[in-house]
Each structure stands twice: as C-alpha cells, then as structure tokens.
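Heads up: the structure comes next, in structure tokens.
Every read-out reported here was derived from the displayed coordinates using simple, explicitly stated rules and does not represent laboratory data. The model shown is predicted, which means the values in this text are computed figures rather than measured ones. Neighbour counts run over all protein chains shown; Cβ positions are idealised from the backbone, glycine included.
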Amino acid sequence: MANNGLFEVGNLLHLVRADVKHGFDILVLANNREPMRKIWSYLKPTIFIIALIAIYNIWNYAINGSPTLAKLTDEYWVGYYGNEELEELWFISKFYKADGVTTMIALSDVSLSFVFGKSDNKHVDKFHVEINSRDREHATLTFSLEGIGPVFRANQLYYGKKYFFGPLLNGDFNKVLRKNLDKSIRGVSIDKMNGDYVNFELGQDMLANELLDFANSLVSKDSQFTSMDELNDYFEMNRR
C-alpha cells in the first residue's frame with residue numbers, strides 16, 4: 001500500500017512538472033511573439049496605404065491608360081537659368097516638332113551658344129530636346145546645343161495624372177490625388193557653370209499681351225518687334 005501511495009505521489013509530481021514546463025513554454029512563446037505583434041501593428045497602416053495606392057493606380061490605368069505628356073508645341077514658354085553665383089538669365093522659348101525630332105528655340109539677352117563661341121547669333125539658342133517618358137512618375141527632358149552637347153536635364157510631371165506621395169511629402173495636401181495641371185519643366189545643368197550647377201525652369205505663366213514687351217526687353221539694343229506676328233516669324237526663321 002505504501003508503495004502504491006509513493007507511486008501515485010510520483011505520478012502527481014510528474015504531472016505537475018509537465019504542467020509547469022508546458023506553461024513555461026507557452027509563456028516563452030508568447031513573449032517571443034510580442035515583438036512581432038508590435039512590428040505588425042506598425043506595418044499594418046503602411047501596408048494598407050500601399051495596397052490602397054496600388055489598387056487605385058491599377059484602376060486609374062485601366063480607366064485613363066498611360067500617363068499623358070503635356071503638350072509642348074504651339075505655346076510660348078518663359079524660363080530662366082541661373083544660381084547664386086550666376087545671375088538669372090531669362091528667355092522666351094517655343095517648341096517645334098518635325099519628323100519625330102523636338103527642338104526648342106530660346107530668345108534671350110545673350111545666348112549660351114554665343115557665350116561659348118558656337119554661334120554668331122547673340123540672342124537665339126536652338127536646343128535639341130530628347131524626351132524620355134519611361135518613368136511613370138515624370139518625363140525627363142534633356143536639352144542639348146549643337147557643338148556643346150547636353151546642357152540641361154529637367155523633369156516634367158505628367159499632365160492629368162493624380163499624384164499621392166509627391167504632394168504629401170511637400171505638404172501640398174490640397175493636391176493629393178488631384179489631377180496635375182502644372183506643365184512646368186524644372187531641372188539643373190548637367191555640368192557646373194562658374195563652379196556650381198545651374199537651375200533651369202520653364203513655365204507658361206506669362207500672359208500673351210506681356211510676351212511682346214518682354215521679348216522687346218531682351219533684344220532692346222538690336223531690334224524691336226511691333227506685333228506678335230513679327231515675333232512668331234522671328235521664331236519660325238530661327239527654327240530652320
């Protein structure tokens with residue numbers, strides 16, 4: 001009888017030890033899972049937003065197709081290039097496209113081609129423009145001059161595309177997921193000028209009735225345009 005009692009006590013202690021070990025294993029497993037739960041709790045909102053954006057982009061692509069390049073031709077563009085060391089040089093420009101080749105004629109006070117000794121025309125630069133639209137976020141435009149090579153590289157957002165991260169990171173919350181209507185072209189020089197890179201920007205923010213006065217201010221010492229027709233003819237002549 002005594003042996004039976006000891007045997008039962010031994011079994012009871014064995015069960016207690018097993019329960020304690022099992023409980024300890026569960027506790028260790030729970031503690032190991034706790035950091036993962038915290039990480040997952042942080043990741044869930046991010047994953048949700050990314051998934052939402054992906055779904056939206058798929059839907060937007062299905063409805064609207066590929067991003068659309070802003071129209072460059074048939075409009076005048078006002079731009080400048082410069083930096084802290086180099087005074088901003090303003091110009092009026094116009095894009096032309098023929099036989100698949102895009103060019104930009106720029107009218108300024110002093111042309112880059114003239115400064116670098118590559119042209120006798122003091123006021124006109126003729127840029128060859130290469131447009132790369134493989135990136136789905138923006139198009140990249142490279143502006144080259146004959147005898148000089150690539151001078152500026154700039155980006156242009158797709159017209160009508162709805163952007164999320166860009167406006168969000170810039171604090172432009174009213175532009176988040178709204179159609180982009182900004183045609184501006186912004187970039188920098190490919191090489192340094194006067195020891196630093198030069199900012200480059202083009203836009204369409206000048207009224208038509210101001211263009212003639214501005215053009216005359218650029219060439220004031222050499223000639224004057226009396227009408228927009230004369231200005232148009234001047235650009236047409238220099239594109240050839």
**Asked** For the peptides 96-102, 213-219, what is the packing order when you average, over each peptide's residues, the other Cβ atoms within 10 Å and list the highest mean first?
**Response** 213-219, 96-102
**Request:** Taking the Cβ of Thr102 as the centre, find all other residues whose Cβ is under 12 Å away and add up their charges (Lys, Arg: +1; Asp, Glu: -1).
**Result:** +3
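Using the alpha carbon gyration tensor of segment 76-239, what are the three equivalent-ellipsoid semi-axes (square root of 5 times each eigenvalue), largest first, in whole Å?
On the way: eigenvalues 158, 72, 52 Å².
They are 28, 19, 16 Å, listed largest first.
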**Request:** Would you mind working out the magnitude of the charge dipole of segment 76-239 relative to its Cα centre, with +1 at each Lys and Arg C-beta and -1 at each Asp and Glu C-beta, to the nearest 20 Debye?
**Result:** 900 debye
**Fill in**
The alpha-carbon center of segment 104-166 and that of segment 206-229 are separated, in whole Å, by 22 Å
**Request:** Using amide H atoms built 1.01 Å from N in the peptide plane, name the residues 5+ places from Thr68, or on other chains, whose amide H lies under 5 Å from its own.
**Result:** Tyr159, Lys161
**Message:** As a footprinting exposure proxy, order Thr103, Thr46 by other Cβ within 10 Å, with the fewest listed first.
**Reply:** Thr46, Thr103
